[in-house]
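J.: Structure provided below as structure tokens; questions to follow.
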Amino acid sequence: EKELFKEACNIAVNTGKFKMAWIGMVDESTRKIIPVQVAGNEYEYFSRINSISIDDEVLGRGPGGCAIRDDRYVVCNDIENDPIMLPWRQEALMCGYLSLMAVPIKKFGKVKGAICFYSFEKYFFDSEEIILLERAANDISFALEIFEKEALRKKAKEAIVESERRYHTLTEFSSVGIFRTDATGSTTYVNPF
């Protein structure tokens, strides 16, 4: 997951030419968005900004909070004049960010975080750019689901191995006769009873 997030942000900056890209995941206990990966010209932005909430409050009504809470992309094409950025405006402008887009990241249909893209240009995000960035976020979501499925598969495989080990131990030390047959009725195992 960490490598996926790192690669996604690096591609956004190096190939997409964004000035900054970051991924934030929701901390369910604090209901805050925690930046887990950042790429590009960050200029200590995160050390200076107000925390970002997912609740419907002042610090949750910015692009990231709305993207996560409302499960939709949010575009702010004029950070300087858009009221949605008021709590973070000064810091964003100090970094030279003039527009941004936040897109939700999901896992099995549940929003888990957001990826945010920042540009030094006003009105950078047009309909074509929005479609591309939504696809990129969907690809991240798809990869997260694959990771989760693989983890569940490994866990199930480990549970089967453990179950077989316990069964073997029980049959080896049981004081009663235990045998196993195949579908044709041929004996395939007899414990040492």
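The values are calculated or read from the model by the stated rules, or taken from the named source; none is laboratory data. On a predicted model such as this, the values are computed, not experimentally measured, just so you know. Every residue, glycine as well, gets a Cβ built from its backbone with ideal geometry; the counts of neighbours run over all protein chains shown. Ligands, DNA and RNA are stripped out before the accessible areas are found, and what is left, the full protein with its side chains, is counted by its heavy atoms. Shrake-Rupley method; radii C 1.70, N 1.55, O 1.52, S 1.80 Å.
J.: Over the chain, calculate the relative contact order: mean separation of alpha carbon pairs under 8 Å at least 6 apart, over the residue count, as a percent.
T.: Relative contact order of the chain: 16 percent.
J.: Then there's this: Assuming 0.36 nm per residue, please report the length gained on full extension of the stretch Val190 to Glu164 beyond their Cα-Cα distance.
T.: The span from Val190 to Glu164 would gain 7.8 nm if fully extended.
J.: What residues from region 95-125 fall in the zone where the backbone N is under 20 Å from a label point 7 Å along the Cα-to-C-beta line of Leu152?
T.: Of the residues in region 95-125, 105-113 have backbone N under 20 Å from the label point off Leu152.
J.: Next question, about the same structure. Mind giving me the nanometre distance, one decimal, between the label points for Ser29 and Phe46, set 7 Å out from Cα along Cα→Cβ?
T.: Going from the Ser29 label point to the Phe46 one covers 1.8 nm.
J.: Here's a follow-up. For the chain, which DSSP H helices look membrane-span-like by this rule: Cα extent along the axis of 15 Å or more and mean Kyte-Doolittle of at least -1.0?
T.: Going by DSSP H runs, the hits are 2-14, 127-173.
J.: Further question: Calculate the dipole size of region 1-78 relative to its Cα centre from +1 charges on Lys and Arg beta carbons and -1 charges on Asp and Glu beta carbons; express the result in debye to the nearest 20.
T.: I would put it at about 240 debye.
J.: Can you send over the carbon and sulfur percentage of the accessible area for region 1-63, probe radius 1.4 Å, protein chains only?
T.: Summing carbon and sulfur atoms, their accessible area is 49 percent of the total for region 1-63.
J.: Projecting each Cα onto the charge dipole of the chain (Lys/Arg +1, Asp/Glu -1 at the beta carbon, about the Cα centre), which of Ile84, Cys116, Ile34 comes out farthest on the positive side?
T.: Ile34
J.: Let's see if you can work this out: charge +1 on each Lys and Arg Cβ, -1 on each Asp and Glu Cβ, no other charges. What is the dipole magnitude of the chain about its Cα centre, in debye to the nearest 20?
T.: Result for the chain is approximately 580 debye, rounded to the nearest 20.
J.: Order the peptides 154-165, 114-125 from the highest to the lowest mean number of other Cβ atoms within 10 Å of their residues.
T.: Descending packing order for the listed peptides: 114-125, 154-165.
J.: Tell me what the chain gives for mean residue ellipticity at 222 nm when only DSSP H runs of n ≥ 4 count, each as -39,500 (n - 2.57), the sum divided by the residue total, rounded to 500 deg cm²/dmol.
T.: -13500 deg cm²/dmol
J.: Any idea how many Lys pairs in the chain come in under 18 angstrom at the alpha carbon, given 8 or more places apart or on separate chains?
T.: Taking the Cα cut-off of 18 Å, the pair count is 20.
J.: Okay, next question. Taking all protein chains in place and a 1.4 Å probe, what share, in percent, of the accessible surface of region 116-185 do carbon and sulfur account for?
T.: 59 percent
J.: Give the distance, in whole Å, between the Cα centre of region 93-123 and the Cα centre of region 162-193.
T.: Comparing the Cα centres of region 93-123 and region 162-193, I get a distance of 58 Å.
J.: Which value, in Å², gives the accessible area per residue of region 100-193 when a 1.4 Å probe is used on the protein heavy atoms?
T.: Accessible surface, normalised per residue, equals 68 Å².
J.: Also, I was wondering about something else. What does the accessible area per residue of region 16-74 come to in Å², with a 1.4 Å probe and no ligands, DNA or RNA counted?
T.: 48 Å²
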